[in-house]
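Engineer: Please find one structure pasted underneath; my questions will follow.
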Amino acid sequence: MYFAVISIFPEMFATIREFGITGRAVTQEQVTIECINPRDYTTDNYRRIDERPYGGGPGMVMMAEPLSKAIEDARLRASQHGCRMEAASCPVIYMSPQGQTLSEGSVVSMAEYDGMIILCGRYEGIDERLLSQYVDVEVSLGDYVLSGGELPAMVLMDSVIRRLPDIIGDDKSAEQDSFVDGLLDCPHYTKPHNFAGLAVPEVLLSGHHANIAKWRFSQQVVRTQTRRPDLWQAFTPTAQQAKWLKALAKSKSLNS
Ligand code: 4H3
């Protein structure tokens with residue numbers, strides 16, 4: 001998958017390029033991350049990318065002109081990396097609090113793109129005419145404001161890269177995380193057997209795979225019910241999960 005990031009702080013992206021799963025995806029060439037600095041597309045001596053807002057008010061606004069040239073160049077590079085050039089294959093994405101909130105569901109569909117061009121704003125934001133002309137999708141991480149789009153861009157890339165085929169070492173592990181089946185994740189344990197006087201739940205030492213699966217599911221259910229009633233409301237169990245739920249309800253009524 002191809003990523004072009006348009007940012008005045010390209011050095012920040014070492015974080016995602018060099019470490020962990022995303023770093024390995026880059027080294028193994030499953031992923032290309034190119035940074036494009038809008039300052040390189042300015043024509044004045046000061047390499048200005050921001051100006052004061054029309055209508056007054058505090059702060060600065062990123063100008064349309066250098067960003068438009070940066071996006072045009074990003075598109076050219078994306079096509080040279082084999083991206084088909086429709087918005088459906090390689091969209092221009094703007095990270096902003098005004099966007100659609102990112103979810104694991106949208107992450108999975110975005111993993112189908114050939115690539116994406118991610119626009120990172122700074123200051124008060126970007127001239128609206130650039131956004132209306134060039135941006136296909138606006139994505140938000142949630143209802144809070146950050147000083148730039150770089151961290152959100154890296155969050156988006158990380159979430160997408162780990163859902164690409166053949167990326168996570170253990171190929172089932174991405175499918176077992178929180179949200180993937182509409183529930184929160186179950187708790188995890190590893191060595192030693194006892195830590196701070198706390199033992200590992202007995203069932204996990206039993207080697208009985210069906211019981212372990214059922215126990216993990218019951219933990220997911222309890223966590224989701226108590227911590228995220230909104231997710232529990234929306235949850236539809238598979239046939240196997242429905243069976244487990246029935247059994248769990250029965251054992252609960254016996255206990256009470
Ligand atoms: C995204 C971007 C929050 C989010 C962002 C989010 C800086 C957008 C600038 C940048 C504008 C002014 N903050 N919730 N900040 O995903 O370009 O807000």
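The values are calculated or read from the model by the stated rules, or taken from the named source; none is laboratory data. In this text, all values refer to a predicted model and were calculated from it rather than measured experimentally. For neighbour counting, all protein chains shown are included, and Cβ atoms are generated from backbone atoms with ideal geometry for every residue, glycine included. Each accessible area value is taken on the protein alone, full model and side chains, heavy atoms only, with ligands, DNA and RNA left out. Shrake-Rupley method; radii C 1.70, N 1.55, O 1.52, S 1.80 Å.
Engineer: If I filter region 166-193 down to residues being open to solvent by 100 Å² or more (accessible area, probe 1.4 Å) and free of Cβ contacts under 8 Å to residues at least 12 places away in the same chain, which single residue comes out as farthest from Pro237 (Cα to Cα)?
Structural biologist: Top of the filtered list is Lys191.
Engineer: Here's something else I'd like to know. Quick one: is Ser79 among the small types (Gly, Ala, Ser) and within 19 Å of Ser132 (Cα to Cα)?
Structural biologist: no
Engineer: Give just the number: which of (1) closer than 24 Å to Asp114 by Cβ; (2) surrounded by 15 or more Cβ atoms within 10 Å (Cβ to Cβ) does Gln28 not satisfy?
Structural biologist: Against the list (1) closer than 24 Å to Asp114 by Cβ; (2) surrounded by 15 or more Cβ atoms within 10 Å (Cβ to Cβ), Gln28 comes up short only on (2).
Engineer: Could you identify the single residue in Gly182, Gly142 that is of a type outside the set (Phe, Trp, Tyr), in a loop (DSSP other than H, G, I, E, B) and in contact with a Phe, Trp or Tyr (Cβ under 7 Å, 6 or more places away or on another chain)?
Structural biologist: Gly182
Engineer: Hey, can you tell me all the residues within region 31-47 that are more than 13 Å from Ala70 (Cβ to Cβ) and either surrounded by 15 or more Cβ atoms within 10 Å (Cβ to Cβ) or aliphatic (A, V, I, L, M) (or both)?
Structural biologist: Within region 31-47, Val31, Thr32, Ile33 qualify.
Engineer: If you go through region 140-162 one residue at a time, how many are open to solvent by less than 50 Å² (accessible area, probe 1.4 Å) and more than 8 Å from the ligand (Cβ to nearest atom)?
Structural biologist: 8
Engineer: Here's something else I'd like to know. Limited to region 79-110, what total is found for residues that are open to solvent by less than 20 Å² (accessible area, probe 1.4 Å) and either in contact with a Lys or Arg (Cβ under 9 Å, 6 or more places away or on another chain) or among the polar types (S, T, N, Q) (or both)?
Structural biologist: Residues in region 79-110 being open to solvent by less than 20 Å² (accessible area, probe 1.4 Å) and either in contact with a Lys or Arg (Cβ under 9 Å, 6 or more places away or on another chain) or among the polar types (S, T, N, Q) (or both): 7 in total.
Engineer: Could you tell me whether any residue of region 131-139 is out of contact with any strand residue (DSSP E or B) (no Cβ under 7 Å at 6 or more places or on another chain), more than 9 Å from the ligand (Cβ to nearest atom) and open to solvent by less than 40 Å² (accessible area, probe 1.4 Å)?
Structural biologist: There is no residue in region 131-139 that is out of contact with any strand residue (DSSP E or B) (no Cβ under 7 Å at 6 or more places or on another chain), more than 9 Å from the ligand (Cβ to nearest atom) and open to solvent by less than 40 Å² (accessible area, probe 1.4 Å).
Engineer: Within the group Gly59, Gly55, which residue is of a type in the set (Gly, Ala, Ser) and open to solvent by 60 Å² or more (accessible area, probe 1.4 Å)? Don't jump to the end; show me each part of the working.
Structural biologist: Working: Gly59 fails: open to solvent by 60 Å² or more (accessible area, probe 1.4 Å).
The conditions single out Gly55.
Engineer: Follow-up question, since we're still on this one. If we keep just the residues of region 207-248 that are of a type in the set (Lys, Arg) and crowded, with 16+ Cβ neighbours inside 10 Å, which is nearest to Gly105 (Cα to Cα)?
Structural biologist: Arg228
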